[in-house]
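The values are calculated or read from the model by the stated rules, or taken from the named source; none is laboratory data. Just so you know, these numbers come straight off a predicted model, no measurement behind them. All Cβ positions, glycine included, derive from the backbone under ideal geometry; neighbour counts span all protein chains shown.
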Amino acid sequence: MQPMDNFDIIVIGAGPAGLLAAGRAAELGAKVLVLEKMRQAGRKLLITGKGRCNITNSAAIGEFITHVYPNGKFLRNAFSKYFSEDIIKLLQKYGVEVILERGGRYFPAGNRAADVLQALLRWVKELKVEIRCNYKVEKILIKNGVVLGIVAKNEKIMAPSVILATGGKSYPATGSTGEGFELAKKLGHKIENVIPALVPLITEGQTAQKLQGLNLKNVKAIVWVNDKKAGEAFGEMIFTHFGLSGPIILTLSRIVVAELHKKNKVEITIDLKPALDEQKLDNRLIRDLNEHGKKKFGNIFKNWLPSSMIPVFIEQLNIDPDKECHQVSAKERKKIKLLLKNLRFKIINHRSFKEAIITAGGISTNEISPKTMESKLVSGLYFAGEMIDLDAETGGYNLQIAYSTGWLAGNSFGN
């Protein structure tokens, strides 16, 4: 096997982290090769934000890192070097205007993830970065703890620096199948427990299925692990044919998946009236029941719930819907109040990596320099993006991790 071309840096993976790494290294004068195992670059980027691409978030660094797990502080240096305003400026330079939406979320004004990808590809092309698709890396070559290059398609390609940016295991159809973890593992790196994150949850029983398609806004979801409160989130969710999904459920799924893997009992309660404490809610129920005393109990629920929830509630309450409102007892009213504040679901599983937005776990941050993203075990080996044991909530946080760690890894050239 004869060595092929020589490069300064080889980047493995042509997603957002890999492209930022390649572009930054090329800006500094490096001869850069990007190897992508799929037929085209950035396939996963195209499906982010449901095809709209939630580019980044407007949160300041201090707040931003509170949305990152398990150790957001590891990113403080990366964010101080390259952050949300930097990626926005780069995209604007290549014709992508941005809009700011609720929750500090930035999207391309055209609502097309493809616009973001094309801008990044134009940037690296202008910088003479070479991208080879259909190139799966089989091995990273090292000698005496120092990177020499890689083997791909039975060819040796030499370079003193290799940046691993192959993504995690979520959405494997886009190329994220975890082989980057295997490459790192062979070089002695520890891979922290790799599990799906930002993933829909599967519930016991038929309640969620009966509510399939119902979207709720301004509700509070609480996670209970072995009957102890473990987390909560406020906002929007949706019921599906298998269970629960939507922004607040995805946010809480990180806790849920980890606890399910520990075989703990996990439940989620939905507070449908989070703006009212129990006393205020009780007062409202009393008022409504009194005002509509002659009405059938089943008809008054439209004052409290979306119509598709009413049959499910009446079934769970086991109260005769034909009973007149003034006949509802204090005990029955308490049952109504409890259900409105604590609609309970037992979580029995989660959906697979095929539906997970991000991967939790990965290369231990203890083995990576936060100042350069270089491996502490192998000289000349760098990591970027979802491969690292860092994951965040929805809202543009995960893509910013990819840009910042990628840029920092590429910035190592010549330093």
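Only strands (runs of 3 or more DSSP E) wholly contained in segment 343-415 count here; list those with 1 or more residues that are farther than 23 Å from Pro247 by Cα and either touching a strand residue (DSSP E or B) at 6+ places or on another chain (Cβ under 8 Å) or of a type in the set (Gly, Ala, Ser) (or both).
On the way: elements: 343-350, 358-363, 381-383.
Those strands (runs of 3 or more DSSP E) span 358-363, 381-383.
Would you mention how many residues in segment 50-64 are surrounded by fewer than 20 Cβ atoms within 10 Å (Cβ to Cβ) and either at pLDDT below 95 or under 16 Å from the mean Cα position of the chain (by Cα) (or both)?
Residues that pass the stated criteria total 3.
Which one of these does Gly95 not meet: (1) touching a strand residue (DSSP E or B) at 6+ places or on another chain (Cβ under 6 Å); (2) of a type outside the set (Ser, Thr, Tyr); (3) over 24 Å from Leu250 (Cβ atoms); (4) at pLDDT 95 or above?
It fails just one condition, (1).
Just to be sure I understand the filter: pairs with C-beta atoms under 8 Å, separated by 6 or more residues or on different chains, first member in segment 158-178 and of a type in the set (A, V, I, L, M), second member at pLDDT below 90. Which pairs pass?
Close Cβ pairs (under 8 Å, with a partner that is at pLDDT below 90) amount to Met158/Pro3; Met158/Met4; Met158/Asp5; Met158/Asn6; Ala159/Asn6.
Looking only at segment 39-69, which residues are over 15 Å from Ala109 (Cα atoms) and charged (D, E, K, R)?
Arg39, Arg43, Lys44, Glu63, listed by residue number.
Test of understanding: among Glu278, Glu267, which residue is acidic (Asp, Glu), outside the structural domain of Leu390 (by TED's automatic domain parsing) and within 24 Å of Ser352 (Cα to Cα)?
Numbers: Glu278 fails: within 24 Å of Ser352 (Cα to Cα).
It is Glu267.
Considering only residues that are in contact with a Gly (Cβ under 9 Å, 6 or more places away or on another chain) and not in a strand (DSSP E or B), look in segment 146-169 and name the one that is surrounded by the fewest Cβ atoms within 10 Å (Cβ to Cβ). Give the steps one after another, and end with the answer.
So in segment 146-169, the residues in contact with a Gly (Cβ under 9 Å, 6 or more places away or on another chain) come out as 146-148, 156-169.
Keeping just the survivors that are not in a strand (DSSP E or B) gives 159-160, 165-169.
Details: Ala159: 23, Pro160: 16, Ala165: 31, Thr166: 31, Gly167: 30, Gly168: 30, Lys169: 24.
Per the stated criteria, the residue is Pro160.
I'm told Arg102 meets every condition in (1) closer than 17 Å to Gly396 by Cα; (2) of a type outside the set (Ser, Thr, Tyr); (3) modelled with pLDDT of 95 or more except one. Can you identify the failing condition by its number?
Answer for Arg102: the failing condition is (3).
Could you pull out the residue among Lys128, Lys190, Lys153 that is modelled with pLDDT of 95 or more, charged (D, E, K, R) and assigned by TED's automatic domain parsing to the domain that holds Ile55?
Answer to the selection: Lys128.
Kindly provide the set of residues from segment 170-182 that are buried (at least 24 other Cβ atoms within 10 Å of the Cβ) and either more than 20 Å from Leu45 (Cβ to Cβ) or not hydroxyl-bearing (Ser, Thr, Tyr) (or both), ordered by number. Walk me through how you get there before you give the answer.
Of all residues in segment 170-182, those buried (at least 24 other Cβ atoms within 10 Å of the Cβ) come to 170, 176, 180.
Passing the criteria: only Gly180.
Could you check segment 105-121 and list, in sequence order, the residues that are basic (Lys, Arg) and either in contact with a Pro (Cβ under 8 Å, 6 or more places away or on another chain) or over 20 Å from Glu85 (Cβ atoms) (or both)?
Residues of segment 105-121 basic (Lys, Arg): 105, 112.
Selection gives Arg112 alone.
Could you tell me whether segment 338-361 includes any residue that is more than 30 Å from Val266 (Cβ to Cβ), buried (at least 23 other Cβ atoms within 10 Å of the Cβ) and at pLDDT 95 or above? Walk me through it before giving the result.
Step one: list which residues in segment 338-361 are more than 30 Å from Val266 (Cβ to Cβ), which gives none.
Within segment 338-361, not a single residue is more than 30 Å from Val266 (Cβ to Cβ), buried (at least 23 other Cβ atoms within 10 Å of the Cβ) and at pLDDT 95 or above.
Can you tell me which residue in segment 365-415 is farthest from Leu187 (Cα to Cα), limited to those that are buried (at least 24 other Cβ atoms within 10 Å of the Cβ) and touching an Asp or Glu at 6+ places or on another chain (Cβ under 6 Å)?
If we take residues in segment 365-415 being buried (at least 24 other Cβ atoms within 10 Å of the Cβ) and touching an Asp or Glu at 6+ places or on another chain (Cβ under 6 Å), then Asp389 is farthest from Leu187 (Cα to Cα).
If a residue must be in contact (Cβ under 8 Å) with a residue 40 or more places away in the chain and in contact with a His (Cβ under 9 Å, 6 or more places away or on another chain), how many such residues does segment 303-337 contain?
0
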